[in-house]
Amino acid sequence: MSQRYKVYVTRRIPDPGTRLLDSSFDVTFWDSDDVIPREELLKNVKGVDAILCMLTDKINDEVLEHAGPKLQVVSTMSVGYEHIDLKACREKGVAVTNTPNVSSDSVAELTVALVLLTARRLLEGAYAVKNGQWGKWKPMWLCGVEMKKRTLGIMGLGRIGYGVAKRLKPFGVGRIVYHDVQKLSYDSDFGGEYVEFEDLAKESDILCICCNLNPQTKHLFNKDTFQKMKNSAILINTGRGGVINHPDLFDALTSNQIAAAGLDVTDPEPLPADHPLLTLNNCVILPHMGSNTWESRNRMAEIAAENIITVLNNGHPKGEVLQRWN
Ligand code: DGY
């Protein structure tokens with residue numbers, strides 16, 4: 001009798017992923033919605049052929065060693081894979097896969113929501129109502145800014161950046177400028193203009209960070225960048241927290257170097273409840289919920305499972321970060 005592959009899943013995941021895995025493999029789950037403790041992870045991956053992990057699980061040499069020589073694939077249920085040591089996986093011939101594309105619409109929608117939340121001071125308004133601070137109508141209370149005729153800047157014109165540009169264009173923004181590693185041909189879909197990073201910082205009224213974190217983007221938004229930005233600029237981040245230097249952002253927001261910020265991602269995550277940024281009215285912070293829709297999470301779970309099936313059957317998975325024997 002042929003032996004079934006063993007798969008370890010580090011969290012409860014949506015049904016479409018669970019069903020797929022259960023029908024093909026011997027699957028063990030960390031049966032919780034919370035992060036698996038490190039010792040449990042190390043203990044439970046022993047002898048498995050595949051690991052389905054989350055972006056909160058640090059997958060490094062230690063995990064690969066504990067898993068042992070049968071391990072063929074690490075499939076993360078996320079787009080980002082900063083938590084996986086690719087060098088260690090390459091050395092051990094372990095494939096790495098992710099779940100690209102399926103969450104892009106959800107994250108682009110949330111980015112637009114965060115732009116409006118921040119630019120129109122909506123959270124301050126909602127809190128004021130709850131806290132009994134809603135007095136008689138005042139001409140200059142909680143005034144924000146319109147999108148119309150503003151320059152929208154996008155840092156990183158991948159699927160999410162593209163989705164944000166397409167969605168905000170109908171608001172009547174004046175120009176859409178973007179920076180990426182190069183000019184991208186599909187920018188003509190929304191009349192986008194490729195600009196150097198410095199010009200992106202100088203010219204944007206609303207600047208959305210939609211890029212990933214890598215050595216080039218780490219702390220790209222720092223003291224120097226904030227000095228170049230408009231005093232009226234609004235900075236939005238739905239990419240990765242590490243793209244912004246947070247102490248510098250605090251200084252920029254408290255010295256009126258920029259007007260406001262809306263962050264769905266921070267560094268660290270979760271942001272401690274006593275973090276200085278949480279004391280500011282002009283900083284809206286969400287708990288990394290860009291892909292929190294059932295459409296997105298169901299597909300992410302399904303693709304993470306499909307990727308394992310594909311790799312174990314010697315095929316090319318949808319999100320191929322690292323092939324098995326690179
Ligand atoms: C990802 O997929 O990397 C997101 O940040 C979490 O959904």
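Tabulated data for the structure shown
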quantity: For region 104-285, with +1 on Lys and Arg beta carbons and -1 on Asp and Glu, the positive-most of 139, 254, 181 along the dipole; calculated: 139
quantity: Region 124-206 shape via C-alpha gyration tensor axes, a/c threshold 1.5; calculated: prolate
quantity: Label point 7 Å beyond Cα of residue 230 along Cβ direction - residues of region 260-296 with amide nitrogen under 13 Å; calculated: 260
quantity: Loop-located GluC sites (Glu not before Pro) in region 192-261 whose Cβ has at most 16 other Cβ within 10 Å (DSSP); calculated: 196
quantity: Kirkwood hydrodynamic radius of region 1-61, from inverse mean 1/r over distinct Cα pairs, in Å; calculated: 12.1
quantity: Segment residue 116-residue 218, extension gain: residue separation times 0.36 nm, minus the distance between their alpha carbons; calculated: 34.1 nm
quantity: Region 1-39 versus region 57-97: alpha-carbon centroid distance in Å; calculated: 16
quantity: Accessible area expressed per residue, region 137-262, with surrounding protein chains retained (probe 1.4 Å, Å²); calculated: 48
quantity: Rel. contact order, % - alpha carbon contacts under 8 angstrom, at least six apart, the chain; calculated: 21
quantity: Taking the C-alpha atoms of the chain, convex hull volume expressed per residue in Å³; calculated: 152
quantity: Given 11 as the ceiling on other Cβ atoms within 10 Å, longest exposed-site-free region of the chain for trypsin sites (Lys or Arg not before Pro) in DSSP loops; calculated: 150-326
quantity: Where labels lie 7 Å past Cα in the beta-carbon direction, separation of residue 90 and residue 130 in nm; calculated: 4.7
quantity: Within the accessible area of the chain (1.4 Å probe), percent carbon and sulfur; calculated: 52
quantity: Pairs of Cα atoms farther than 27 Å apart, region 1-127, %; calculated: 30
quantity: Stokes-Einstein translational diffusion, region 104-285 - Kirkwood Rh over all Cα pairs, 1.306 mPa s, 10 °C, in µm²/s; calculated: 96
quantity: Gyration tensor (alpha-carbon) shape descriptor, region 31-91, a/c threshold 1.5; calculated: oblate
quantity: Three-way shape label, region 178-308, alpha-carbon gyration tensor, a/c 1.5; calculated: oblate
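The values are calculated or read from the model by the stated rules, or taken from the named source; none is laboratory data. Keep in mind that what you see is a predicted model, and the values were worked out from it rather than measured. When we count neighbours, we look across all protein chains shown, and the Cβ atoms used for this are built from the backbone with ideal geometry, even at glycine. Please note that ligands, DNA and RNA were not included when accessible areas were found on the heavy atoms of the full protein model with its side chains. Shrake-Rupley method; radii C 1.70, N 1.55, O 1.52, S 1.80 Å.
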